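Before any comments, here is the structure.
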Amino acid sequence: MTDFITSALATLLVVADPIFLSALFLGLTADMSDAQRREVALRGAVIAFCILFVAGLGGARLLDLLGISLSAFRIAGGLLLLSSAAEMVFDRRAQRQQDMAKTAITVDHVRNIAAFPLAIPLMAGPGAITAMILLAGRAGDDWSKLGALYGVAACVMLACYLCFRIAVPISKTLGITGRAVITRLLGIILAALAVQFIIDGVLALTR
């Protein structure tokens, strides 16, 4: 049991990478208030955990029933991430927000960012979902191991949330110019990550 928990914790932490995600979180929420960022962080963590929970419970069977391979899932996630990266690099969000009411941004925009791209495919992306499916397969019908796996997933999502909350004061110290530079730099990194998702998916399909 100890070896299983240690392996699960190490795997999910490496795949989720809370510290790297906190940097992306700053770029995705650069235009939001502290309260909005808090809501995005909490919603994202909860949604991501629910996705991982479902993946561990029967994600492989569900994808098989739908006729979807993990490679196709990875490619789709990469393509969707590219759109978010483009918004960060070219600052299209600022243009869109000028045409929106502030109340609409508060309610809808915050919830949308929490679900996509934060929860999926960043926090609960193809790598994390694949890891959950494989770890659940190792646990088999041992409900104590499955319970431990879901507990580990919850701890990893909590670690992501805490990293997001720490990222907020860092954002304040950067200032407007610093946030603008960081947002565009992280947009390029996010685009590269998206392309890597697509490459990994294509390579897996050609094997």
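May I ask you to evaluate 6.51 cos²θ - 1.76 cosθ + 1.60, the Karplus curve with θ = phi - 60°, for each residue of the range 115-122 and list the ³J(HN,Hα) values in order in whole Hz, giving x for glycine and proline?
Each residue's phi maps through the Karplus curve to give 7, 9, x, 5, 5, 9, x, 7 Hz.
Just to confirm the number: angle between the C-alpha axis of helix 70-90 and the first principal axis of the chain, 0 to 90 degrees, nearest 10?
Between the helix axis and the principal axis of the chain, the angle is about 10 degrees.
Using a Förster distance of 25 angstrom, determine the FRET efficiency expected from the C-beta separation of Ala10 and Val46, and round it to 0.05.
Between Ala10 and Val46 the formula returns 0.60.
With the Cα gyration tensor of the chain giving a ≥ b ≥ c as the square roots of its eigenvalues, does the rule (a/c under 1.5 for rounded; else a/b larger than b/c for prolate; else oblate) give rounded, prolate or oblate?
Because a/c hits 1.5 or more and a/b exceeds b/c, the chain counts as prolate.
Tilt of helix 143-206 relative to the longest C-alpha principal axis of the chain, in degrees (0 to 90, nearest 10)?
Between helix and principal axis, roughly 10 degrees.
Sorting Asp3, Asp200 on the 10 Å Cβ count, fewest up front, what's the list?
Going from sparsest to densest Cβ surroundings: Asp3, Asp200.
Apply the Karplus parameterisation 6.51 cos²θ - 1.76 cosθ + 1.60, with θ equal to phi minus 60°, to every residue of the range 45-50 and state each ³J(HN,Hα) to the nearest whole Hz, in sequence, with x for glycine and proline.
These are the phi-based 3J(HN,Hα) values: 5, 5, 5, 4, 5, 4 Hz.
With r as the distance between the Cβ atoms of Val195 and Arg138 and R0 = 25 Å, compute the FRET efficiency 1/(1 + (r/R0)^6) and round to 0.05.
0.20
Bear in mind that the values in this text are calculations on the coordinates, not laboratory data. Just so it is clear, the structure is predicted and the values come from calculations on it, not from any experiment. As a convention, Cβ positions derive from the backbone with ideal geometry for all residues, glycine included, and neighbour counts pool all protein chains shown.
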